[in-house]
Amino acid sequence: MKWLSAAVVALVMLAACAPADPFPEGFDGTVLVARGDRITSCRGSCDTAYDIMSITKQFTAAAILKLETMGRLRTAAPISAYLGPVPADKRLITVHHLLTHTAGLVEGLGADYEPVTRDAMLAGALGSRLVAAPGKEFHYSNLGYSLLAAIVEKVSGLGYERFLARHLFAPAGMSSTGYVLPRWSRVAVEYDGRGKSMGRPYEHPWAADGPYWNLRGNGGMLSTARDMFRWHRALTGDAVLPARARARLFTPYVPTGEPGESYAYGWNILRRAAWHDGGNDWSMAGFARSLDGAAMAFWVTNRAQRWRLEDREPDLTLGLLR
């Protein structure tokens, strides 16, 4: 998924100068903007759950930091400390490398909804050929975040979603975020470019506890705009992570290749803004927040092909953060 361009996020702090709402008339989706501790606008349904796709990665990263604050792991440790013996070419890969897309892993092993188990994903990941030496280059990897989800399970003794629900979502007051644990009432159906229904995310092949492992941990999370606002607010205080861990979550560790942009733990960082987007064949979403917590914006649509939003992201961001 191509991310928002660096120029887009650079304009976050110029929001007061933004033009009128750039979303097309009849836009299918939800758009939420917040200032401080208040939602200033919500277009569409604040309480409909959508697939938020790669925005999921920030939850996985926060779960890893939560485990570190609990004394259960170290991000500086090699992945072999938590996954067991690994091949020689992967012995230098650390948890930090997975978090920052510098492990040298390929982007993925296959299609999102292939029925791949955790053990099969681990075997495929550890048996894959590296595209770069660990720690040397930035290569965006969904696979790396699935490995992180496996580490969450192995270290905590809980399922990935259950750990997030207990240690992140509940403290943040998020009752409508997850895979299968929430009592879903309104979940958006996704549509292709011809308007054909592709169903809801959980109507594709899923395991009993959520998506299979080509997607788990790196994407596929369902959430509402209101819950994303609650997540943003939780990151301004100690409800989920203490200040030191939050600072590490947003530390710009490695350049992404875009001008002035770096990757933190599950977030892109540019100047005073943190953001991430997500997309699949049918939906698209964007989430941005100022690092001081003063502003936040989230938008999502379940008809991305209809609107060709990837080419309009600068206007979208300016319109949201006005």
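Projected over all directions and averaged, the alpha-carbon convex hull of the stretch 11-160 occupies 12.3 nm².
The dipole here belongs to the stretch 43-159: it is taken about the Cα centre, uses +1 on the Cβ of Lys and Arg and -1 on the Cβ of Asp and Glu, and is about 420 debye. For the chain, adding -39500 (n - 2.57) for each run of n ≥ 4 DSSP H residues and dividing by the number of residues yields -7000 deg cm²/dmol at 222 nm.
In the elastic network of the chain, a GNM with C-alpha springs shorter than 10 Å, the most mobile of A264, A208, A49 is A208. Each Lys or Arg adds one and each Asp or Glu subtracts one; over the other residues with Cβ under 12 Å from the Cβ of L130, this totals +2.
Among R303, R43, R289, the largest mean-square fluctuation in a Gaussian network model of the chain, built with springs joining Cα atoms closer than 10 Å, belongs to R43.
Let me check I've understood the local charge: for E161, count other residues with C-beta under 11 angstrom from its C-beta, Lys and Arg +1, Asp and Glu -1. What total comes out? Cβ neighbours under 11 Å give a net charge of +1.
Charge tally around R216: other residues with Cβ under 12 Å, Lys/Arg +1 each, Asp/Glu -1 each, net -3.
Rolling a 1.4 Å probe across the protein heavy atoms gives the chain an accessible surface of 40 Å² per residue. Note on the chain: with charges restricted to the Cβ of Lys and Arg (+1) and Asp and Glu (-1), its dipole about the Cα centre is near 820 debye.
Rounding to the nearest 10 and keeping the result within 0 to 90°, find how far the Cα-based axis of helix 225-234 lies from the longest principal axis of the chain. For helix 225-234, the angle is close to 60 degrees. Its convex hull of Cα atoms gives the chain a direction-averaged projected area, equal to a quarter of the hull surface, of 14.8 nm².
Ligands, DNA and RNA left out, the accessible area of the stretch 25-85 computed with a 1.4 Å probe is 45% carbon and sulfur. Residue-wise HN-Hα couplings along the stretch 199-212, as the Karplus relation 6.51 cos²θ - 1.76 cosθ + 1.60 with θ = phi - 60° gives them from phi, are x, 8, x, 6, 8, 7, x, 9, 6, 5, 10, x, x, 5 Hz; Gly and Pro carry x. Within straight-line reach of K136, meaning a Cα separation under 29 Å, sit the following lysines at least 8 residues removed in sequence or on another chain: K2, K57, K66, K90, K154.
The values are calculated or read from the model by the stated rules, or taken from the named source; none is laboratory data. Given the structure is predicted, the values throughout are model-derived calculations rather than measurements. When we count neighbours, we look across all protein chains shown, and the Cβ atoms used for this are built from the backbone with ideal geometry, even at glycine. Protein only, heavy atoms only, side chains kept; ligands, DNA and RNA dropped before computing areas. Shrake-Rupley method; radii C 1.70, N 1.55, O 1.52, S 1.80 Å.
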